[in-house]
Amino acid sequence: MLPAFSQSLADPGPAARLNANQRRVLLFLLSARPYIITFSQIAAATGMGEASARTILRRLAVLDFLTFKKARDGNLQGVRMAFNQELCQAFRQALEHGPESQTLSYSQSPSLSLSLNHSLKHSINQNLSQPITRPDSQPATLSPLFQKEGKESILPGEASEKDRPWFDDWSDEFLAFLWPKTYGVGFRMDHVRRAAATRQTLGRPLERDLVRVSLDRCEWEIENLGDLNDLKSGEKVRNPQAYLFMALSKWGILRPHPDYVSREEELAREAAQELSSRQEAARQMEDAQFAAWRDGLDADALTEVLRGFPGGPRDVWVKNYWKKHVCAAQK
C-alpha cells in the first residue's frame, strides 16, 4: 500500500463541505497541480480505489472546486484540471488556520512522484520542439492551460458531440494527407491541441477555418518557395513547425506570403479562364457555321429570308432567322 495523506484533516470554512477523503484528494491535486493525470494515479497517491477517486473528482467538480476534462499529450492520456482559485485558496487558508492545522502534513510515495514527473516530462518533450517544450526553469507540474469554463466537469467518454472540440476529428494521418509539405516539416496534431489550449486561456478559441487557411498558406509557401520565410527579416525560418505553432497560438492564423494565392482561388481562376475559352470557341464556331450557311444562300433563298425585314442591320435579321429556323430544326 502506498503512503497516503493524513486522515486528520480539519473542517473549517470550505473544508466543511468535504469529507476526509475528498479533502485528501483536493489537497493532493492542489499541491501536485499535475499537467495531465489519470484516476489510477490519483488513487495510488491518496491510498484509495480508482472508482473512489473518480467519484470524488466528480464531487469536487459539483461543489465548484475544480473542473476537469479528457486530455492527451502524445502517449500521456488522462484528465486535465482547472481550479476555482478563489474557493481553493479559501479552502487551504481555512485548513492552515484551523484547530488541526498541524496535522495537515502528508506523505507521497517518492517512487510515484518520480514516475509521474518523469512520464510528464517525457511525453511533453517527445516529438515536440522548441515552442512546445517547457523551459527547464519551469516545474513539470504546471498549472493547466485550460481554465475554468463552467460548473460541469467533463469525464472521459461522457462528452457530447457538441462539447467535443473540432480537432478531435483530425489526426496526424489527416494532416499528412491534406498538407504533406507541412506535415513533412514536423507539424502535428499535438501542436494544434496546444495552440487551442493557449487560445482558450485568452478566451479566443482556435477556429477550424482559420487553422485550415493557415495550413493552406504554409503548404503553399513550402511547396512554392521551399520553406517558410520571416517577412520582417526576409530570412528563412529555421523551425517551420514552431513558427506555425506560435502563429496559431498568438493570433489564431498564419500570415499570408505577399505572393500567396490559395489553391481554391487558383483553381477557380483556371476554371473561369477555361470556361471563357470554351465560350469564345463556341461563339467562333457558331459564327463560322452561320457564315457558311449565309454564303450558301442563292438570290431566291435570301429573298425568302428577308421577307418581312423592317430595316436596320441586315445581318442581325438574317442570323436571327438562321437560329430560329435552321438551328432549331437541326436540334
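Points worth noting:
- Condition met for Gln273 (over 49 Å from the mean Cα position of the chain (by Cα) and not aliphatic (A, V, I, L, M)): no
- Number of the condition not met by Ser40 [criteria: (1) part of a helix (DSSP H, G or I); (2) without any contact (Cβ under 8 Å) to a residue 60 or more places away in the chain; (3) farther than 30 Å from His191 by Cα; (4) open to solvent by 10 Å² or more (accessible area, probe 1.4 Å)]: (3)
- Residues of the range 240-278 classified as among the hydroxyl-bearing types (Ser, Thr, Tyr) and without any contact (Cβ under 8 Å) to a residue 24 or more places away in the chain, total: 3
- Which numbered condition Arg199 misses (of (1) at pLDDT below 75; (2) buried (at least 16 other Cβ atoms within 10 Å of the Cβ); (3) of a type in the set (Lys, Arg)): (1)
- In the range 83-122, residue modelled with the highest pLDDT [restricted to those that are within 18 Å of Gln41 (Cβ to Cβ), aliphatic (A, V, I, L, M) and surrounded by 18 or more Cβ atoms within 10 Å (Cβ to Cβ)]: Leu116
- Among the residues of this structure, Gly49 counts as one that is open to solvent by 30 Å² or more (accessible area, probe 1.4 Å) and in the same structural domain as Ala32 (by the TED database).
- Residue match in the range 242-250 (condition: among the aromatic types (Phe, Trp, Tyr) and touching a helix residue (DSSP H, G or I) at 6+ places or on another chain (Cβ under 6 Å)): yes
- Qualifying residue in the range 149-170 (condition: farther than 18 Å from Pro240 by Cα, surrounded by fewer than 13 Cβ atoms within 10 Å (Cβ to Cβ) and either at pLDDT 95 or above or among the hydroxyl-bearing types (Ser, Thr, Tyr) (or both)): yes
- Considering the range 240-278, and only residues there that are part of a helix (DSSP H, G or I) and among the aromatic types (Phe, Trp, Tyr), the residue that is surrounded by the fewest Cβ atoms within 10 Å (Cβ to Cβ) turns out to be Trp251.
A quick yes/no check of all residues on (1) among the hydrophobic types (A, V, I, L, M, F, W, C); (2) open to solvent by less than 60 Å² (accessible area, probe 1.4 Å); (3) assigned to a helix (DSSP H, G or I); (4) assigned by the TED database to the domain that holds Asp216:
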position: Arg283; (1), (2), (3), (4): no, no, yes, no
position: Leu297; (1), (2), (3), (4): yes, yes, no, no
position: Gly312; (1), (2), (3), (4): no, yes, no, no
position: Trp322; (1), (2), (3), (4): yes, yes, yes, no
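- Residues that are surrounded by fewer than 21 Cβ atoms within 10 Å (Cβ to Cβ) and out of contact with any Asp or Glu (no Cβ under 9 Å at 6 or more places or on another chain) within the range 52-65 comprise Ser52, Arg54, Thr55, Arg58, Arg59, Leu63, Asp64, listed in sequence order.
The values are calculated or read from the model by the stated rules, or taken from the named source; none is laboratory data. Keep in mind that this is a model prediction, so the values were computed, not measured. Heads up, the Cβs are rebuilt from the backbone with ideal geometry, glycines too, and the neighbour counts pull from every protein chain shown. Side chains included, ligands, DNA and RNA excluded: accessible areas come from the protein's heavy atoms. Shrake-Rupley method; radii C 1.70, N 1.55, O 1.52, S 1.80 Å.
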